[in-house]
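A.B. asks: Take this structure, written in structure tokens, and hold onto it; I'll ask about it next.
The values are calculated or read from the model by the stated rules, or taken from the named source; none is laboratory data. All values derive from a computational prediction rather than experimental measurement. Every residue, glycine as well, gets a Cβ built from its backbone with ideal geometry; the counts of neighbours run over all protein chains shown.
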Amino acid sequence: MSAVKGAVMATTHEQIVERIRTLLPVDLCAISILEGGGSLRVVADVGGEAFGAECGRRLPAGAGVTGRAIAAGAPWSSADVLHDPRVDLPEPMRSAVRESGMRALVAVPLRAQGRVVGALTVADTISRVFRPRELTLLEAFADHAAATIAHEQRAVEAAATEARYRELFENANDIVFTLDLAGRLTSLNRAGERVLGYSYQEAASRALGRALVAAPGSLESWILRRLDKPAAAVHEVEVVAHDGTVIPLEVSTVVVRAGEWPIGVQGIARDVTDRRRGELRFVQAHRMEALGQLAAGIAHDFNNFLAVVLGQSELIEKALDARDPIRPSLALIRGAAERAISLTRQLLAFTRRQPLELQTLDLNALITPLLALMWPLLSRAIVVETSLAPDLGHVSADAGQIEQVIMNLVLNARDAMPEGGRISLTTANVDVSPAFPPAVPDIRPGRYVRLTVTDTGTGMTPEVKARAFEPFFTTKASGEGSGLGLSTVDGIVTQHDGVVRVDSEPGRGTSFWIYLPRAEAETD
């Protein structure tokens, strides 16, 4: 109960006892309410201090005339309480009554919501019998006081219900919101503010409420169509958060009514970003599996054909004179066949069907000589930097496949910097715990070696980054790339039970992180 409501109730009770004192020639008038522990608390009085019944005083509820009235649930009176054999006055109550001079007394129970909640008590210092008219008047005032108490109890219960609802509303993990008929937000919980990045006032001013419902046409017509459908409407929408992120939400809404009339919409929305990612990974896995089966079959057959081409070209070349004009054409045939074989190896790599020749490797020992071999392939305007951990752990891997990963990432970085820039290769030991930051959500706890390749190139848009590891996807001009470079990296790393992640923004370069499990001999 609020302080304001409590003050109003106290004022009402004081007015009642004051009015009774004016209408009846009595020395004491008090209103008391039942409390836990079997006691009465005086909440309003006139003359109570002289009789030990002033406001705030706690009295035993089961004794005296007031106790009899409460027990009987009906008015009870005594012309002389000290000498009335019906009245049980235990000590020290009897001594207090004697000292106060109290004689005639009447108590009327206060009933609220079907139960006794207190009593209205009047007393006089002379022995007398209260007349029926006086008892009727007291009962009327008792009803008024009881109605005030009942109103207070309803207010307390309503406040408790409101507090429980507010706690559920604010502490819910899902977004909870309400709209009026114009589509304006009338409430938004903390989860909504956290997910959207806006305070309730900001979200309301930006008309995000209508976006949450995604009602075609006017919201009013949408509500009218929903009136005869008691079940919640479930749909998915996308809203733009404060930081510009597009957030997919699954929204369940119902029409709120006041009687027969609609007054707004109540809804619960759940961020389904993770679910969509999972669905996308599931679909991508199936696509990769189907594509892998096709590509692996083609690659094996293609290799057989290419072996014939290479073998026959070698035989023809040996049979020709050193100055035969056909030799350059044979060299072109051999070169095309060798590039095709390289392409089939990439197909087998990204489909994870390339046999692995595992050995214990030091990535640092691979990187330095490999960069030296690749130097002629890089522009002079490109600076290559390395920061290799001296205590780097070993990995169990296929050296040729890991070299392919490094070459693909370095060449990808080169192509992203046509005007030159910087490529950085970094190695480090990483221990992944269950509390590892969410930047690498799919990595399992354990000990890893991390290879990071970073460039200062053009970067990727979110759309390009989402498809970076997709087979045959490329942003290069036709004929400049197969679209298998990064998908090959992903396939090789996955086949080694590792994880690859990319971070990139347009104009801010790109970083690839490769996590490979450390060799078992080092983790025992």
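A.B. asks: State which residue is farthest from Arg508 (Cα to Cα) when the search covers only the stretch 437-485 and only residues that are modelled with pLDDT under 85 and aromatic (Phe, Trp, Tyr).
C.D. replies: Among those residues, the one meeting the criterion is Phe472.
A.B. asks: In this structure, is Leu356 surrounded by fewer than 16 Cβ atoms within 10 Å (Cβ to Cβ), in contact with a His (Cβ under 8 Å, 6 or more places away or on another chain) and at pLDDT below 85?
C.D. replies: Spelling it out, Leu356 is indeed surrounded by fewer than 16 Cβ atoms within 10 Å (Cβ to Cβ), in contact with a His (Cβ under 8 Å, 6 or more places away or on another chain) and at pLDDT below 85.
A.B. asks: Assess whether Leu59 counts as being in a strand (DSSP E or B), modelled with pLDDT under 90 and crowded, with 17+ Cβ neighbours inside 10 Å.
C.D. replies: Here the answer is yes, as Leu59 does meet what is asked.
A.B. asks: On to the next question. Can you run down the residue pairs with Cβ atoms below 9 Å, 6 or more apart or on separate chains, where the first is in the stretch 245-256 and more than 16 Å from Arg275 (Cβ to Cβ) and the partner is of a type in the set (Phe, Trp, Tyr) and assigned to a strand (DSSP E or B)?
C.D. replies: Qualifying pairs under 9 Å: none.
A.B. asks: State whether the residues of the stretch 369-377 include one that is part of a loop (DSSP other than H, G, I, E, B), surrounded by 11 or more Cβ atoms within 10 Å (Cβ to Cβ) and modelled with pLDDT under 90.
C.D. replies: For the stretch 369-377, residues part of a loop (DSSP other than H, G, I, E, B), surrounded by 11 or more Cβ atoms within 10 Å (Cβ to Cβ) and modelled with pLDDT under 90: absent.
A.B. asks: Report yes if some residue within the stretch 111-132 is of a type in the set (Ser, Thr, Tyr), assigned by TED's automatic domain parsing to the domain that holds Ala69 and modelled with pLDDT under 85; otherwise report no.
C.D. replies: Checked the stretch 111-132: no residue is of a type in the set (Ser, Thr, Tyr), assigned by TED's automatic domain parsing to the domain that holds Ala69 and modelled with pLDDT under 85.
A.B. asks: Does Phe177 count as part of a helix (DSSP H, G or I) and in contact with a strand residue (DSSP E or B) (Cβ under 8 Å, 6 or more places away or on another chain)?
C.D. replies: Judged against the criteria, Phe177 is not a match.
A.B. asks: Let me ask something else about it. Just one of the numbered conditions (1) modelled with pLDDT under 85; (2) surrounded by fewer than 17 Cβ atoms within 10 Å (Cβ to Cβ) is not true of Glu419; which one?
C.D. replies: (1)
A.B. asks: Regarding the stretch 84-96, can at least one residue be identified that is surrounded by fewer than 16 Cβ atoms within 10 Å (Cβ to Cβ), assigned to a helix (DSSP H, G or I) and in the same structural domain as Asp27 (by TED's automatic domain parsing)?
C.D. replies: Within the stretch 84-96, one or more residues are surrounded by fewer than 16 Cβ atoms within 10 Å (Cβ to Cβ), assigned to a helix (DSSP H, G or I) and in the same structural domain as Asp27 (by TED's automatic domain parsing).
A.B. asks: Sort through Glu49, Glu18 and tell me the only one that's in the same structural domain as Ala158 (by TED's automatic domain parsing) and at pLDDT 75 or above.
C.D. replies: Glu18
A.B. asks: Answer yes if at least one residue in the stretch 149-166 is free of Cβ contacts under 8 Å to residues at least 40 places away in the same chain, under 30 Å from Ser77 (Cα atoms) and out of contact with any His (no Cβ under 6 Å at 6 or more places or on another chain), and no otherwise.
C.D. replies: Among the residues of the stretch 149-166, at least one is free of Cβ contacts under 8 Å to residues at least 40 places away in the same chain, under 30 Å from Ser77 (Cα atoms) and out of contact with any His (no Cβ under 6 Å at 6 or more places or on another chain), which makes the answer yes.
A.B. asks: Can you say whether Thr178 is hydroxyl-bearing (Ser, Thr, Tyr) and surrounded by 22 or more Cβ atoms within 10 Å (Cβ to Cβ), as far as the supplied structure shows?
C.D. replies: no
A.B. asks: I'm checking my understanding of the structure. Among residues of the stretch 199-224 that are over 14 Å from Leu249 (Cβ atoms) and in a loop (DSSP other than H, G, I, E, B), which one is modelled with the highest pLDDT?
C.D. replies: The selected residue is Ser199.
A.B. asks: Considering the stretch 185-198 alone, what residues qualify as being in contact (Cβ under 8 Å) with a residue 24 or more places away in the chain and in a loop (DSSP other than H, G, I, E, B)?
C.D. replies: Across the stretch 185-198, the qualifying residues are Gly197, Tyr198.
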